[in-house]
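Everything on this sheet refers to the single structure shown next.
The values are calculated or read from the model by the stated rules, or taken from the named source; none is laboratory data. These numbers come from a predicted model, not from an experiment. No Cβ is skipped: glycine too gets one built from the backbone with ideal geometry, and neighbour counts run over all protein chains shown. Remember, those area values only see protein heavy atoms, side chains included, never the ligands or the DNA or RNA. Shrake-Rupley method; radii C 1.70, N 1.55, O 1.52, S 1.80 Å.
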Amino acid sequence: METRSAKRKKYWLEGENGIDRISDLPDVVLHQILFHLPIKSIAQTSVLSKRWRSLWISFPDLDFTSINPIGVTSTNAPNTKPSIKNKRLLLCPHSFSVKRLDFISQVLALRDKQSDLRILRFRAPLSFSRLNGLIRLAVRQNVQELDVEVATDDYFNFPRSVLTSESLRVFKLRSRYPGFRLLPPSVMKGGFQSLHTLSLSLVILYDQPTLSDLFTDSSFPRLKKLNLDACFGLKQLKVSCLALEEFTLENCFQLHGLDVSGAKLKTLQVASCFDAYCDKSWVKINAPSLRVMVWEYNAITENSSLENLVSAHEASIGFFVLNEDFSVTKLRSVSNLLSALSRLHTLTLEGQCVE
């Protein structure tokens, strides 16, 4: 007599007429269908048949963020006590994270070596050596998009294996406290030749507070999107990638100078940046293709130079204002910034900016 689970498996594969039409679909179609399922559900399909096992070990899009985020959070409603299951997880977060990492490592190790990896996403508390190991595995499988959020016990260095990848198109590295350090500029400038999107969060730059020759056309010839968030210690930044179309800079509170130029730059967002107590802060922007500019909750710089904003269509402007900011120099700086945006179709001003 067939068990209930065996009947469900047979019905799922063969349908009412006993014909397995789903398994006859091309791999690329089945991969697209599986893409919409959680990673554990996709793994469970591997027990259906040899056909489905081959689909699992060749599956190109591995998103492990669905199994658990960094830090165990209760799934109960607010103001309710954690369930017994969640209490166990809260008591044993280390053992739980180790199991999760082992699952990720096993999946990468068991993949068909002839099948390239298109996407790898995961969030986990882990050591720098484990992080490097996972990224090296992904790079060996020609990963195209790598999206990582990690929490470590100590500072860690930017993964060197990423620099040598010729397949990588999208790289997103978000760190929880305490953050990560960039490699020396001479090393960093040797990679990224194929990268289209770069997003870095919680970068420790006290040892190299000036980044004036990293984000250039020679280092990032194909970079279209750049997102930098919480770069601690960063005082001067220059971005001049010719292919860049979108640039976001946020939470860089110690910034003194910003120089952004790009013939193809269309969207610029700078928020919560600049040192409000620096008396020599400055910003320079040269972007003839810029369409949208968001400049919010930034300290007022001593000097603002915005050039060639002939295509600007929409802007949102606001400042973080101190009493000492009402100096002639800083008021002139605000005036210069607003004058450069005189051709806008839509301008939104925050309250303090109006004052």
Accessible carbon and sulfur surface of the stretch 204-354 relative to its total accessible area, %, 1.4 Å: 48 percent
FRET efficiency for A109 and R181, using Cβ-Cβ distance with R0 set to 30 Å, rounded to 0.05: 0.55
Space enclosed by the convex hull of the alpha-carbon atoms of the stretch 170-287, per residue, Å³: 92 Å³
For the stretch 224-355: relative contact order, % (alpha-carbon pairs under 8 angstrom, 6 or more apart): 18 percent
For the stretch 253-270, 3J(HN,Hα) per residue [Karplus equation, 6.51 cos²θ - 1.76 cosθ + 1.60, θ = phi - 60°, Hz, x = Gly/Pro]: 6, 9, 5, 9, x, 9, 10, 10, 9, x, 5, 10, 5, 10, 10, 10, 10, 10
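Tell me, what is the per residue accessible area of the stretch 204-354 in Å², probe radius 1.4 Å?
Numbers: 6880 Å² over 151 residues.
Here the per-residue accessible area is 46 Å².
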Inter-site label distance for N157 and Q193 at 7 Å from Cα along Cβ, in nm: 2.2 nm
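Calculate the dipole size of the stretch 246-289 relative to its Cα centre from +1 charges on Lys and Arg beta carbons and -1 charges on Asp and Glu beta carbons; express the result in debye to the nearest 20.
200 debye
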